[in-house]
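Below: one structure, written as structure tokens.
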């Protein structure tokens, strides 16, 4: 029910009865509360997960020097045991597969096809590791927006518009489809309605580029993975060559962007090389 309260204005009898003041149409919120509620519910559920594995099939647009936009297929597998164990495997067209191992004290990358590896000391929690990888190496980790920002209800803090798009299916799973806008970025997310509101798909569009490249992830979750400490610890194979991470420090005062991030492989170089 809409209740409209109007103030009566004094008029002279000769002017006849006052005309009714048309009621104003209630403003539609730029960010639909239903979309906010769904993302918050997802974040609350993610906070309850202490161990999980997730497989993602990805597509990533890149712009060639000549201006053409092309699309690469890829995938990653992420295994997490809170608060201090993580393993990631990356594959993508045109790049060597890479694996990351985090055991609570160090993070190691292994390039199996070249039998090369690099390792650096790491802080003692996954959130601190993610921050270090951004600050020192300029590298996002997969699903960091969910591991940190959604669970802390920060993923929407820069959003200026959001809508509930409606029912959809992702890999046979019934979902609700939501769309959000923030400066230079549009992103969409598909979340099931049931008791396990795990995101099933991300789609990120970079509006700041003329060709508006996109990155998408279709996610499959395992909430009961078989884990042991050995799977998070890297042991160099025989004959493996040690390399080093190439640092790409974040600019002074810069902060990690709170938006669904595009996972990327590490930048590494041989020891002693410039």
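Numbers at a glance
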quantity: Test: residue 227 is closer than 22 Å to residue 58 by Cα, modelled with pLDDT of 95 or more and either crowded, with 17+ Cβ neighbours inside 10 Å or touching a strand residue (DSSP E or B) at 6+ places or on another chain (Cβ under 8 Å) (or both); calculated: no
quantity: Set 24, 18, 14, 7: member being surrounded by fewer than 14 Cβ atoms within 10 Å (Cβ to Cβ), outside any loop (DSSP other than H, G, I, E, B), at pLDDT below 85 and out of contact with any helix residue (DSSP H, G or I) (no Cβ under 9 Å at 6 or more places or on another chain); calculated: 14
quantity: Unmet criterion (only one of (1) assigned to a strand (DSSP E or B); (2) touching a helix residue (DSSP H, G or I) at 6+ places or on another chain (Cβ under 8 Å); (3) buried (at least 20 other Cβ atoms within 10 Å of the Cβ)) for residue 164; calculated: (3)
quantity: Verdict on residue 103 being closer than 25 Å to residue 127 by Cα, modelled with pLDDT of 95 or more, buried (at least 16 other Cβ atoms within 10 Å of the Cβ) and over 22 Å from the mean Cα position of the chain (by Cα); calculated: yes
quantity: Which numbered condition residue 171 misses (of (1) within 14 Å of the chain's Cα centre (by Cα); (2) touching a residue at least 24 places away in the same chain (Cβ under 8 Å)); calculated: (1)
quantity: The range 68-118, residues that are more than 27 Å from residue 128 (Cα to Cα), part of a loop (DSSP other than H, G, I, E, B) and in contact (Cβ under 8 Å) with a residue 24 or more places away in the chain; calculated: 115
quantity: Condition check for residue 159: in contact with a strand residue (DSSP E or B) (Cβ under 9 Å, 6 or more places away or on another chain), more than 26 Å from residue 78 (Cα to Cα), modelled with pLDDT of 95 or more and assigned to a strand (DSSP E or B); calculated: no
quantity: Tally of residues being under 20 Å from the mean Cα position of the chain (by Cα), part of a loop (DSSP other than H, G, I, E, B) and under 17 Å from residue 99 (Cα atoms) across the range 119-144; calculated: 5
quantity: Residue list for the range 210-222, restricted to those being in a loop (DSSP other than H, G, I, E, B) and under 19 Å from the mean Cα position of the chain (by Cα); calculated: 212, 213
quantity: Which numbered condition residue 55 misses (of (1) under 16 Å from the mean Cα position of the chain (by Cα); (2) part of a strand (DSSP E or B); (3) more than 21 Å from residue 228 (Cα to Cα)); calculated: (3)
quantity: Extreme residue, surrounded by the most Cβ atoms within 10 Å (Cβ to Cβ), among residues of the range 169-191 that are out of contact with any helix residue (DSSP H, G or I) (no Cβ under 9 Å at 6 or more places or on another chain) and farther than 21 Å from residue 212 by Cα; calculated: 175
quantity: Filter result for residue 198 (part of a helix (DSSP H, G or I) and either crowded, with 18+ Cβ neighbours inside 10 Å or modelled with pLDDT of 95 or more (or both)); calculated: no
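The values are calculated or read from the model by the stated rules, or taken from the named source; none is laboratory data. Note that this is a predicted model, so its numbers are computed, not measured. Note that each Cβ is placed from the backbone with ideal geometry, even for glycine, and that neighbours are counted across all protein chains shown.
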